[in-house]
1. List, please: which pairs have Cβ atoms under 7 Å, are six or more places apart or on different chains, and start with a residue in region 161-175 that is surrounded by 11 or more Cβ atoms within 10 Å (Cβ to Cβ) and end with one that is of a type in the set (D, E, K, R)?
2. Only residues in region 429-441 that are near the ligand (Cβ under 7 Å from one of its atoms) count as the first member; pair them with residues that are among the β-branched types (Val, Ile, Thr), Cβ under 6 angstrom, at least 6 apart or cross-chain, and list the lot.
3. Which pairs have Cβ atoms under 9 Å, sit 6 or more apart or on different chains, and link a residue in region 63-76 that is farther than 15 Å from residue 151 by Cα to one that is surrounded by 13 or more Cβ atoms within 10 Å (Cβ to Cβ) and among the hydroxyl-bearing types (Ser, Thr, Tyr)?
4. Just wondering, is there one or more residues in region 193-211 that are assigned to a helix (DSSP H, G or I), acidic (Asp, Glu), out of contact with any Gly (no Cβ under 6 Å at 6 or more places or on another chain) and surrounded by fewer than 12 Cβ atoms within 10 Å (Cβ to Cβ)?
5. Report, by residue number, each residue of region 442-470 that is within 10 Å of the ligand (Cβ to nearest atom) and either part of a strand (DSSP E or B) or under 34 Å from the mean Cα position of the chain (by Cα) (or both).
6. Against the condition more than 10 Å from the ligand (Cβ to nearest atom), assigned to a helix (DSSP H, G or I) and at pLDDT 90 or above, how does residue 373 come out, does it pass?
7. Among the candidates 383, 399, which residue alone is open to solvent by less than 30 Å² (accessible area, probe 1.4 Å), outside any helix (DSSP H, G or I), under 19 Å from residue 463 (Cβ atoms) and within 16 Å of the ligand (Cβ to nearest atom)?
8. Residues being away from the ligand (no atom under 16 Å from the Cβ) and open to solvent by less than 30 Å² (accessible area, probe 1.4 Å): count how many of those fall in region 334-370.
Amino acid sequence: MNHRSLAFRLALWYTLLLGATFALVGMGMFYGLDQYLHSSLRDSLRRRSLQVEQILEQGQAVVSSAQISDAINTRVSPDFNNRFVRVTRAPGTLIYRSGPPADRSFDPGAVPPIVGTWPDDTVVRRTVTVRNQRLMVNATRIDTPSGRYLIELGSSLQSIDGLQDRLLALLGLLLPVLVICAAGGGYLLVNWALRPVDQLSQTADQLSLQDVTLRLPTLRSGDALERLSIALNNMLERLGRSVQNSQRFLADASHELRTPLTVIKGELQELLRASGGMAPEVRDRVGSVLEEVDRLEHLVSGSLSLSRLDAGEATREWVEVDLPALARATAEQMRLMAEDRGIHIGVETPTATSIGGDPARLKQIIVNLLDNAIRFTSTGGSVTVRVTGGAEGSLLQVVDTGSGIPEAALPRVFDRFYRVDEARSRENGGAGLGLSIVQAICTAHGARIEAESRAGEGSCFTVRFPPLRLARPVAAPVDPPLKS
Ligand code: ADP
């Protein structure tokens, strides 16, 4: 579980709030019940006390204890009602005391008398504890023709205490269960509510400059999420239009530049061929202009290739390609260029393997990687093309013993127009687009390219192709190449 996630934090707050609410409701219930039970008992004691008061007030001036006891036993029946009754006449003569209650919840003889002077207030309420039993006792002082009396009426708090204990136990058990259920339910609910956002981010992940037509699902929720998905789609629409415009501009510009460049190059070559009377200095200048035009032509054709690849032309054709045969044939074509520079070119294809793709584009991958390997390896070095296949797909590797790439530059070699050593690349005609083209073709074929290199020791470029599939893949997002 991700503790920093929105779902977790929302569920946590929800649980805390719900837990606090449950605790407050539980406390309120407990306090309310406590008040209700105590006030009912107080009322009941008060009523009984009034009955005793009536008995005493109705008596004549001289009334015997036996008569009072009989009247109380008959009209109040304290033993049967589990009540405690004690009547004392001033200055301290015990007139009546009830017997043990039917439920044996307390011992009437053990209830301590009110110490000191009788209360000034007519009614005094107290709670006494007799042998671990709590009793609520009301003491009422009355003046009658037969004298001043103190009537004490009490009842055990055992049943109220028992009820409260049971309620506390129930709340103690129920509260954690409710909080756990609320936490689990809250987490599921928040996750469910955030599922549309997940859907949005999954689709957003698939967006790439290669497929500017992809749109996010519009959530018909009528709230901020719906407005967000519509706003994002509008933004994607505008972005897509501007990407398409710049791709079209680059393709058009490259295409338009090609014809005048070819004409200029042809004219310059013609000029050099017919340069009989030309001063050597002018000849040299024309020669160097021709070199620049060559470079420009290379740059323009690279840009045109890239813009075509960006427009989704990397897989115009889709057939089964024998990768080892393609590697052997391409290496053979480039052998002359390598041997001219004194570089040995080797091919290793130990296993037969096929992949699905556009043969012309796949060949361009091998040509560009080999071209770089040959250009950046000095005389006496070697370049090896290796193709292997297995259940997980095919592997194409181009290994050289050349100058290598410094560690700091390795993450950037696939960037457009990036060259490690600009002066050296310019010398051998590089425009910094070769590896970008390779990467774009790889992405369109569902392959990943990795570069390993050590400055001064050589480089190894590895392309991992997925297993053969004869259906053209849907446009995949551009993954950053793996570098090590
Ligand atoms: P360029 O057309 O300039 O070679 P690339 O995109 O093919 O552009 O390569 C980018 C840079 O990566 C090159 O300028 C070069 O410095 C470096 N590079 C590519 N391949 C190799 C290699 N096999 N050995 C050494 N450096 C390489």
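The values are calculated or read from the model by the stated rules, or taken from the named source; none is laboratory data. On a predicted model such as this, the values are computed, not experimentally measured, just so you know. Cβ atoms come from the backbone with ideal geometry, glycine included; neighbour counts cover every protein chain shown. With ligands, DNA and RNA removed, areas are computed over all heavy atoms of the protein, side chains included. Shrake-Rupley method; radii C 1.70, N 1.55, O 1.52, S 1.80 Å.
1. What qualifies is 161/134; 164/34.
2. So the pair list comes out as 435/413.
3. Close Cβ pairs satisfying both conditions: 63/144; 63/146.
4. Looking for residues that are assigned to a helix (DSSP H, G or I), acidic (Asp, Glu), out of contact with any Gly (no Cβ under 6 Å at 6 or more places or on another chain) and surrounded by fewer than 12 Cβ atoms within 10 Å (Cβ to Cβ), one finds at least one in region 193-211, hence yes.
5. Answer for region 442-470, where residues must be within 10 Å of the ligand (Cβ to nearest atom) and either part of a strand (DSSP E or B) or under 34 Å from the mean Cα position of the chain (by Cα) (or both): 451, 453, 458, 459, 460, 461.
6. When the stated conditions are applied, residue 373 does not pass them.
7. After applying the criteria, what remains is 383.
8. Residues that pass the stated criteria total 6.
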